[in-house]
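Report on one structure; see the data block that follows.
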Amino acid sequence: MPGLPGRFTPDRFGFSMPPSDPPFDTPPYYYRGIEMMAFAYETDDEAAAAIVPEGLTIAHSPAIAQLIFTNFHFSTLGAYTEAILGVSCLWQGEPVTYCSNLLVTNEVGLIGGREPYGFPKLFGEVEWVKEHEIISAYAERPKGKRICTGVMRPRDILRPEDVVTPPLVTLKIIPSPEEGAPPEVCELVRTPLEFELIVGSDGRGEGFSGPGNVTFDSPSAVDPWHRMPVRRMVASSWGRYNFVLPYGEVIKRYEVTTAAQPVEPAPLDAAGV
């Protein structure tokens, strides 16, 4: 004879999967005492336009790309490190940063950004190195395959008013499980991120700008961060921050009527590395 019917109703579903035992709850999520190292550089206009979704406009010419390394010592989504690649854009005249690629070291940090917001997170190795007067960070995927490196020397102190943090925009896609069907979700999500520079006991901000540079150390067809090459460095900074990750906002829903097509791998250098 049949057993009992299921009693787990939608009003009791958790915020994330598995819905019976969600690993995190609803926003906001709190981050305290984090380190962030940010680099801005001029890149190729066509290369940037090729990965920026329709509906956004690249904010500058030459295009400005951003490579950011974070060291989240504490957050309510856990402790982890990240490397983030983005492009400065405009959404209806508003400055935003479109996030194209992101590597993260923590499972909850991955699903907590990917599922609600569409942050394009993949697992990778992201390490920080502080040696002599230099701060450096690098990302690898897989371990030993160096994707990118950022190096800077802190020199000029930042003021809280120097810290500008435009909203992040992500392209959130959830594919259909049905063969030949278009994505279940395909939308742009805008998430405000207001980083608060920590002020020390002397009343000065715990952040610095200074000389720095970015390198894309070994091209990868799987993780083609190198496709936005460095033409000229614009700015480099390091600092300690607090911030709150709130709910995001869907700003555009795409009408997709066809199934996704395979993506051609990014071209490598002449040596095929």
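The values are calculated or read from the model by the stated rules, or taken from the named source; none is laboratory data. Here the structure is a predicted model, which means the values were calculated and not measured. Glycine gets a Cβ as well: all are built from the backbone with ideal geometry, and neighbour counts include every protein chain shown. To get the accessible areas, we keep the full protein, side chains included, count just its heavy atoms, and leave off ligands, DNA and RNA. Shrake-Rupley method; radii C 1.70, N 1.55, O 1.52, S 1.80 Å.
Some notes on this structure:
- Cα Rg, Dmax, the stretch 54-125, angstrom units: 13.5, 38
- Dividing the mean sequence gap of close Cα pairs (under 8 Å, 6+ apart) by how many residues the chain holds gives a relative contact order of 20 percent.
- The mean of 1/r over all distinct Cα pairs in the stretch 19-92, once inverted, gives the Kirkwood hydrodynamic radius of 14.7 Å.
- Within the accessible area of the stretch 1-141 (1.4 Å probe), percent carbon and sulfur: 55
- Out of every Cα-Cα pair that the stretch 84-240 contains, those further apart than 29 angstrom amount to 25 percent.
- Estimated purely from DSSP H runs of n ≥ 4, each contributing -39500 (n - 2.57), the mean residue ellipticity at 222 nm for the chain is -1500 deg cm²/dmol once divided by its residues.
- For peptides 179-185, 55-61, 235-241, sequence by mean Cβ density within 10 Å, most packed first: 235-241, 55-61, 179-185
- In this calculation the C-beta distance from residue 107 to residue 128 is compared with R0 = 25 Å, giving a FRET efficiency of 0.80.
- Computed lengthening from residue 250 to residue 21, 0.36 nm per intervening residue step minus Cα-Cα distance: 79.8 nm
- In terms of its C-alpha gyration tensor, the stretch 179-225 has an oblate overall shape, because the principal axis ratio a/c (a ≥ b ≥ c, square roots of the eigenvalues) is not below 1.5 and a/b does not outweigh b/c.
- Listed values (1) 12.1; (2) 18.7; (3) 16.8, entry calculated as mean projected area of the Cα convex hull in nm²: (2)
- Its Cα gyration tensor gives the stretch 194-270 an equivalent ellipsoid. The semi-axes, each the square root of 5 times an eigenvalue, are 36, 25, 9 Å from largest down.
- About the centre of its Cα atoms, the chain shows a dipole size close to 340 debye [charges on the beta carbon of Lys, Arg (+1) and Asp, Glu (-1) only; nearest 20 debye].
- Within straight-line reach of residue 172, meaning a Cα separation under 23 Å, sit the following lysines at least 8 residues removed in sequence or on another chain: 121, 252.
- Under the Debye formula (equal points on every Cα, no solvent term), log10 I(q)/I(0) of the stretch 2-53 at q = 0.26 Å⁻¹: -1.02
- Per residue, in Å², the accessible surface of the stretch 15-97 once ligands and nucleic acids are set aside, probe 1.4 Å: 40
- Listed peptides 123-130, 252-259, 78-85 by packing density, highest first (mean Cβ within 10 Å): 78-85, 123-130, 252-259
- Loop GluC sites (Glu not before Pro), the stretch 15-65 (other Cβ atoms within 10 Å of the site Cβ: 13 or fewer; DSSP): 54
- A viscosity of 0.890 mPa s and a temperature of 25 °C, combined with the Kirkwood radius over C-alpha pairs in the Stokes-Einstein formula, give the stretch 151-209 a diffusion coefficient of 163 µm²/s.
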